[in-house]
Amino acid sequence: MRSHIFRLFMLGFLFAAVPQHVRAEKTGPVDDIRSTISMQLEAFQRDDWAGAFAYASPVLQRIFGSPERFRDMVLGGYRAVYRPQQVVFRDFDSSGPRPVQIVFFIGPDGLAYLAAYEMEQQPDGSWRIAGVQMISAEAKSA
């Protein structure tokens with residue numbers, strides 16, 4: 001029992017000795033990216049279109065020009081992200097030029113969707129959504 005406690009103590013000590021920036025690099029940007037996506041989804045829930053628009057990349061903001069035009073796009077083709085019944089973060093891929101976070105949704109229509117969120121890191125280190133590709137599934141969720 002003592003050796004088990006000693007090993008746990010030493011493991012904790014060694015982990016604490018690793019500088020914070022080294023530990024953060026191991027997990028990468030996944031938590032920050034998921035937080036950005038979650039905050040945009042929360043803004044949709046509040047119908048806070050200016051807030052949701054703020055999580056779009058500068059290029060998307062220039063393309064849409066205003067939160068109202070952004071809202072029209074979301075309501076026209078992305079209802080699953082506007083009022084999802086369920087949201088589950090899935091795979092994260094950092095192998096390409098921009099990281100991609102896959103998110104599983106059950107939309108308000110009861111259908112399953114996968115969304116590929118392409119992310120872009122800003123000069124200040126924050127993450128913005130640079131594009132979303134939706135793929136719908138044929139089956140309704142139970």
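Points worth noting:
- Chain lengthening between GLU42 and ALA54 when straightened (0.36 nm per residue, less Cα-Cα): 3.1 nm
- Potential extension, ARG90-SER136 segment - 0.36 nm per residue separation minus Cα distance: 15.0 nm
- Added length on full extension, which subtracts the Cα-Cα distance from 0.36 nm per residue, ARG83 to ARG69: 3.2 nm
- Cα-based shape type of the range 31-142, given that a ≥ b ≥ c are square roots of the gyration tensor eigenvalues and the cut on a/c is 1.5: oblate
- For the peptides 68-74, 89-95, the ranking by packing is 68-74, 89-95, with the highest mean count of neighbouring Cβ atoms within 10 Å listed first.
No value in this document is a laboratory result; all are computed from the given coordinates. Remember, predicted model here, so these are calculated numbers, not experimental data. With ideal geometry, Cβ positions are generated from the backbone for all residues, glycine too; neighbour counts draw on all protein chains shown.
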